[in-house]
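Participant: Here it is, the structure in full.
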Amino acid sequence: MTEGISEIELKWVEHLIAGGTPGPWLAFLEGREQPSGEGFIRTGKRDEQTDMYMTLDFGSHRTPALADDLEFIAVAKKEIPRLVGEIRRLRDQSAWLLRGDLLGETY
């Protein structure tokens, strides 16, 4: 079983979310969205789009990031805030139910 997420850790994640490059983020992968070339993540709204390229550094050589890594990073921009929100919702619900138990109320 993994250790729970503390309030400090949750606030740190929210801080990182707020400070990052604005979304949406979309992975453009060779062979899927484009016929050839290096994969990248397109960030921002239509009139403010920028492309984010990532590489893996093996010391002796560099190679473009794997398609699965680009996809994961792009999806995380949208899904991590949703997960944080779900954690907060479940904590609030749990606290509400616990308060009811302490007051002798049943639901």
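Participant: Assess whether Glu14 counts as being outside any strand (DSSP E or B) and over 24 Å from Leu83 (Cβ atoms).
Facilitator: When the stated conditions are applied, Glu14 does not pass them.
Participant: Does Lys45 qualify as being at pLDDT 90 or above and not hydrophobic (A, V, I, L, M, F, W, C)?
Facilitator: It is false that Lys45 is at pLDDT 90 or above and not hydrophobic (A, V, I, L, M, F, W, C).
Participant: Also: Six or more apart or on different chains, Cβ under 8 Å: which pairs go from a residue in the stretch 82-107 that's modelled with pLDDT under 80 to one that's in a helix (DSSP H, G or I)? Could you list them?
Facilitator: Once the first residue is modelled with pLDDT under 80 and sits in the stretch 82-107, its partners that are in a helix (DSSP H, G or I) give Thr106/Gly100; Tyr107/Leu97; Tyr107/Gly100.
Participant: Inspect the stretch 4-22 for any residue being surrounded by 14 or more Cβ atoms within 10 Å (Cβ to Cβ), aromatic (Phe, Trp, Tyr) and either at pLDDT below 90 or within 21 Å of Glu79 (Cβ to Cβ) (or both) and give the result as yes or no.
Facilitator: No, the stretch 4-22 has no match at all.
Participant: Filter the stretch 46-91 down to the residues that are surrounded by 13 or more Cβ atoms within 10 Å (Cβ to Cβ) and more than 17 Å from the chain's Cα centre (by Cα), then identify the one that is nearest to Thr21 (Cα to Cα).
Facilitator: The qualifying residue nearest to Thr21 (Cα to Cα) is Ala65.
Participant: Filter the stretch 35-45 down to residues that are closer than 22 Å to Glu14 by Cβ and not basic (Lys, Arg) and give me whichever is surrounded by the most Cβ atoms within 10 Å (Cβ to Cβ).
Facilitator: Per the stated criteria, the residue is Ile41.
Participant: Could we say that Glu30 is touching a Ser or Thr at 6+ places or on another chain (Cβ under 7 Å) and among the charged types (D, E, K, R) here?
Facilitator: Judged against the criteria, Glu30 is a match.
The values are calculated or read from the model by the stated rules, or taken from the named source; none is laboratory data. Treat the numbers as computed from the prediction; the structure is a model and nothing was measured. Here Cβ is always computed from backbone atoms with ideal geometry, including for glycine, and neighbour counts include all displayed protein chains.
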